[in-house]
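Taking it in order: structure first as structure tokens, then the write-up.
Nothing in this text is a laboratory measurement; each read-out follows from the coordinates by a stated rule. Nothing here was measured: the structure is a model prediction, and the numbers come from that model. Backbone-built Cβ (ideal geometry, glycine too); neighbour counts: all protein chains shown.
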Amino acid sequence: MPKIIKHSSIVDDNWTLVRLADGESAETVQLPAGDLIVPLKVWQARRAELLARPQRGVWLAPDEVAQDIAADLDKLQVVAVDFPQFADGRGYSTAALLRGRFGWRGELRAIGDVLKDQLFYLQRVGFDAYAVRADKDIEDAVKALNDFSETYQAAVDEPLPLFRRRRA
Amino acid sequence: MYRYDHYDQAIVDDRVKQFRDQTNRYLAGTLSEDEFRPLRLQNGLYIQRHAPMLRIAIPYGMLSSKQLRKLSDIAAKYDRGYGHVSTRQNMQLNWPKLEDVPEILAELATVEMHAIQTSGNCIRNVTSDQFAGVSPDEITDPRPWCEILRQWSTFHPEFAYLPRKFKIAVNAAEGSDMSDRVATRVHDIGLDVLKDGDGNIGFRVIVGGGLGRTPIVGVVIKDFLPWQHLITYLECILRVYNLYGRRDNKYKARIKILVKALGIEEFRRQVEAEWAYVKDGASTLTEAEVDRIRKHFTDPDWKPLDDVSLEALAAEKNDKAFTRWLERNVREHKKPGYAAVTLSLKDAKHAPGDITCAQMNFVADLADKYSFGELRSSHEQNLILADVEKSRLHELWLEAKAHSLASPTIGLLQDIICCPGGDFCSLANAKSIPIATAIQARFDDLDYLYDIGDLDLNISGCMNACGHHHVGNIGILGVDKSGSEWYQVSIGGRQGYNAHLGDVIGPSFAAAEVPDVISTLIETYIDNRDSDAERFVDTVHRIGVAPFKERVYANKGAGKERAVANA
């Protein structure tokens, strides 16, 4: 079973990520059994069918924004944000908005080109699960969650900026 | 200046450890070139033509003598004995070894320095006025605001992978057109510090300016932002940019393109809509925090002195060379009896902005002896001693002159702004330093330079415009034409509140032609100025580009005929 980092630990991943292959459409793609994290388009097209399952997850592409899923958050257990390339940083703002403005409290998972060197920032904007790219050493990657012992600015993981917490 | 506490030190120390691990993984092959590139760039490390280039942050240009001595040690130990002051107030080393960089960062951390976010698609080192805190024309000291922004932007988790680089500049001077010494209108965000009628501090927020391939003068998004909201408002600008800035084409990825595409009204609407959610939140600045930061920028222990005019000093010594230095390199100070001195890094023997290790140590000694152990770097690539007693200026001048740091040419044609160019930079289309050197050699007559008067000549080796050629009164841009180096010349650009982008005069020139072109531009100016007081740039704006253009290309044609006749 594939592994992910969840709340700073390496655990088995019980969810199946659904990506549309070339030629597949949201309307007709064969959905496997089990707990699925599906593309936003699939969720929108197959909502009733997915609601019949016990657990549901949806992932957002970089050009899909938090507002696109905001109204459905109470029906989901997992929201994932895809990073096709780690240097495309839109997902950081999407995560911050999901947690801050839209109050998402469930699992927020980074998927795609997820690497050790971005985990600290991902954690700060509200991710709590990381599907580290399969060819990378997940045992090494998890250490990066502790890269820094102090941070200056407010973020999802620490809602107060340092200047409101600082002791001389 | 700002001094680290244990929080600041812990953050910088953790960064050294993180980058050491990243470098080790890269060298071991577990981190690919593509994966390592953004990481090293966010630590100021470029892979250049001959070797890596390391850009070390000098936050808003402030440096202590101790830090400068450390830079000298590092340049001697890991480099070739010199450094380069960049147009964004940073210090660049051109020859460090990649595997030495973690150790260099560890050494920098011992003197509260780093290379964090000096490159990469993130919020870069904040720049400001080299005369901050001492200039008679400033509303308030901009440096506390710069430091607040430095801390906020350092490792900001949401804005580490922006569409493109992001530059912020802070200006707090008011008055004449030239009071804006930081070029707020050509930054991604420019902040002019203001005071309202009741004495409350706020910011005029300017967004979407920038040079590079598509030069644009920024526009005002907020006329007066009360200081408490500085961080929340900037976060909203950055968030809109991060989500909606173009990522499909790196030449269209700066915020200026987004602002232009949406229009300032719509861009403002989106920012204000975001702001409605975060305004007055936890990131709202407090009086206590601003006071805490301000305490790092209190006035040094100035003595109560009688003021003496620079003219009187000049008359007393009656030495033409000293008088010229006073006129060009010494600036009035807000405290009577003190002056701010610019040490020129434009001596013809060195590339503009270059400084040797011996000079660094010497300048550190000067800072200790004359200016409370502190100094500043300027975006014009010079160094400043900000608090010199006027009665000691002559003594300082004699010392600086002996170390080639007293060219009396600040603001004149010799004081060229110049990027490292094709000699060092892998992005460059053309060399820039030999062009600067050739122009400096052509105009080495001080009487003539003084007759020409104020003139900014800026050279960039490529479109990225590190040499700010668009806002030079004369701008020179290196271009590549089928594999050979050519130079496009523009005139009429200027920085300041009325920032203006120069107009290209016509087809580009070969390197050898450039000094003649500059000579012709200057002759045209001299012949057309309405008085000795009219500056080059003002003449260009009054009579237009055409007379300059005609004469340059007429001369060029004549030159060709001569060359043919001589052949």
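Put the Cα centre of the stretch B:223-274 next to the Cα centre of the stretch B:385-455 and the gap is 37 Å. About its Cα centre, the dipole of the stretch B:6-109 is roughly 340 debye, where the only charges are +1 on Lys and Arg Cβ and -1 on Asp and Glu Cβ.
Evaluate the Debye formula for the stretch B:384-423 with equal point scatterers sitting on the alpha carbons, no solvent, and hand back log10 of I(q)/I(0) at q = 0.13 Å⁻¹, in q order, two decimals. Once normalised to I(0) and log-transformed, intensities are -0.40.
I'd like the orientation of helix A:90-100 relative to chain A: the angle between its Cα long axis and the longest Cα principal axis, in ° from 0 to 90, rounded to 10. Rounded to the nearest ten degrees, it is 80. For chain B, the Cβ-based charge dipole about the Cα centre amounts to some 1740 debye (Lys, Arg positive; Asp, Glu negative; other atoms uncharged).
Within the set B:K165/B:K369; B:K167/B:K195; B:K369/B:K401, which residue pairs have Cα atoms separated by over 27 Å?
Details: B:K165/B:K369 39 Å; B:K167/B:K195 24 Å; B:K369/B:K401 16 Å.
With Cα atoms farther than 27 Å apart: B:K165/B:K369.
What is the Cα radius of gyration of the stretch B:87-182 over 2.2 N^0.38 Å, N being its residue count? Taking the Cα Rg and dividing by 2.2 N^0.38 Å, one obtains 1.26. Considering the stretch B:1-52 at the alpha-carbon level, its Rg and Dmax are found to be 13.6, 41 Å.
Put the Cα centre of the stretch B:21-86 next to the Cα centre of the stretch A:19-74 and the gap is 45 Å.
Think of chain B as having a plus end and a minus end, set by charges on the Cβ of Lys, Arg, Asp and Glu; of B:H394, B:H229, B:N249, B:N249 sits farthest toward the positive end of this dipole.
Could you state, as a whole-number percent, how many of the C-alpha pairs of the stretch A:3-164 are farther apart than 21 Å? Considering the stretch A:3-164, 46 percent of its Cα-Cα pairs are separated by more than 21 Å. In the stretch B:417-566, one over the average inverse separation of all distinct C-alpha pairs is 15.6 Å, which is the Kirkwood hydrodynamic radius.
In chain B, the ratio of gyration radius to Kirkwood radius, Rg to Rh, stands at 0.95 when only Cα atoms are counted.
Shown for the protein assembly as shown is the translational diffusion coefficient from the Stokes-Einstein equation, using the Kirkwood radius over Cα pairs, a temperature of 20 °C and a viscosity of 1.002 mPa s: 78 µm²/s. Averaged over peptide B:6-15, the number of partner chain Cβ atoms lying within 10 Å of each residue's Cβ comes to 4.
The GNM of chain A, with springs linking C-alpha atoms under 10 angstrom apart, assigns the highest mean-square fluctuation among A:G106, A:G126, A:G23 to A:G23.
Just so you know, the averaged projected area of the alpha carbon convex hull for the stretch B:1-149 sits at 9.3 nm². Each residue of the stretch B:317-475 gets 117 Å³ once the volume of the Cα convex hull is shared out per residue. Of all DSSP bridge pairs formed entirely within the protein assembly as shown, close to 65 percent run antiparallel.
Reported to the nearest whole Å, the Cα centre-to-centre distance from the stretch B:481-538 to the stretch B:110-134 is 31. By the Cβ rule of 4.7 Å, chain B holds the following cysteines without a possible disulfide partner: B:C122, B:C146, B:C236, B:C357, B:C418, B:C425, B:C462. Over all other residues within a Cβ to Cβ distance under 13 Å of A:L108, the charged ones net out to +1, with Lys and Arg as +1 and Asp and Glu as -1. The charge dipole of the stretch A:3-164, taken about the Cα centre with unit charges on the Cβ atoms of Lys, Arg (+1) and Asp, Glu (-1), comes to about 460 debye, rounded to the nearest 20.
Using the C-alpha atoms of the stretch B:310-402, what convex hull volume per residue, in cubic angstrom, is computed?
So the per-residue Cα hull volume is 96 Å³.
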